[in-house]
Amino acid sequence: MVKKICIIIPAYNAAETVAGVVRGALKHAGHVIVADDGSTDDTAARAAEAGAEVLPIGCNRGKGHALTCLFAHARAKGLNAVISLDADGQHDTGEIPAFVRAHLAHPRDIIIGSRMHEKEKIPRARYNSMQIARFYVSLAADQFVEDTQCGYRLYPLDVISGLCLKTQRYVTETEIIMKAGGRNTRIRPLHINTIYGAYCSHFRPVADVAAITVYVISFLVVKWFLEGIVPGRRSYAFLHRAMDFFCSTRVAACAFQLTMLAIFLPVTASYLLCHICTAPFTKRNFASLRDGRTVSVKFCRVILATQLLPALLCITILEKSCRMLGLRIRLIDGFIEKFYPCLW
């Protein structure tokens, strides 16, 4: 079974680091596949020299597209699972055996590396964004996902083949979590070393965080709408088909997500009103928010947190502006801890 697992590495302009990552991975795996995502440097040559199979992608289309190409290529080779690594060296290849052991114990689960236990090693702004992402992605996936943004993962290919992936760049990894969770796949954490060095990441803090946020908000607006009108049944098959339809093209996805972004505050507030008004008559709507817990408290907290997202943005901008003026204030940490707690 171990021989049916390989390492996959999406790479873009990673000539300085990719060879070391490949050599480290080959100490623990028999095969490494690097997707050269339209690099303009020697990434492909360095990866091949280090012993990797190189999958060329003609032009740069982002990490999401590279991952889908790697999934398809690995499946065509008859592999059962893949472990994804970033090419920039921020993942410790010595932890590959731990992922393999977790897979052998839980062969149907997606295993995601978690850095949340080493808060002190994570840049403050990054840790705060990881907390917000965890709050909402866990709601969308119907389970607690400890670290939703880590790219060090083990994917069973049977699970991945059942997902229709429509998003681009870094949104794809979030899409996988939410859609797999909706299909009752367990997302299992594995504590890994937290490495933040001088590597060059292609993650865009503003653009990519915004893209992930808008997709998750859109997903939740549609998900809660369906759960509100179909009590007691989580219509995930229809939800996923609806999201795939709305994201069928880049233009359609952009229009849909901008619409959801414009209406999500009043719409989510109406969901709370609907819940309060229908509570005497039905106990089964908004099923994913119930789960045998104190529903009214949990539901109210989720909607309150959602209504406060603009305030969160304003506080973030205020902090950054004050820092530029030499004033160091820390408001955002306490705000996140109070309004975006772990509900699980």
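The values are calculated or read from the model by the stated rules, or taken from the named source; none is laboratory data. Worth saying up front: this structure is predicted, and the values here are computed from it rather than measured. Don't worry about glycine lacking a Cβ; one is built from the backbone with ideal geometry, like all the others, and counts go over all protein chains shown.
Segment 151-259 holds helices (runs of 4 or more DSSP H) entirely within its bounds, and those carrying 1 or more residues that are modelled with pLDDT under 85 and not assigned by TED's automatic domain parsing to the domain that holds Ala14 map to 207-229, 236-246. For segment 320-341, the set of residues classified as within 26 Å of the chain's Cα centre (by Cα) and not in a loop (DSSP other than H, G, I, E, B) consists of Lys320, Ile332, Asp333, Gly334, Phe335, Ile336, Glu337, Lys338, Phe339, listed by residue number. Among residues of segment 37-53 that are under 11 Å from Val18 (Cα atoms), those with a Cβ under 6 angstrom from a residue that is outside any helix (DSSP H, G or I) and among the charged types (D, E, K, R), sequence gap 6+ or separate chain, pair up as Thr43/Asp36; Ala44/Asp36.
In segment 57-73, the residues that are more than 11 Å from Gln168 (Cβ to Cβ) reach residues that are in a helix (DSSP H, G or I) with C-beta atoms within less than 6 angstrom, at least six apart or across chains, in these pairs: Phe71/Ile160.
For segment 23-65, taking the residues that are surrounded by 21 or more Cβ atoms within 10 Å (Cβ to Cβ) and of a type in the set (S, T, N, Q), the one that is farthest from Lys166 (Cα to Cα) is identified as Thr43.
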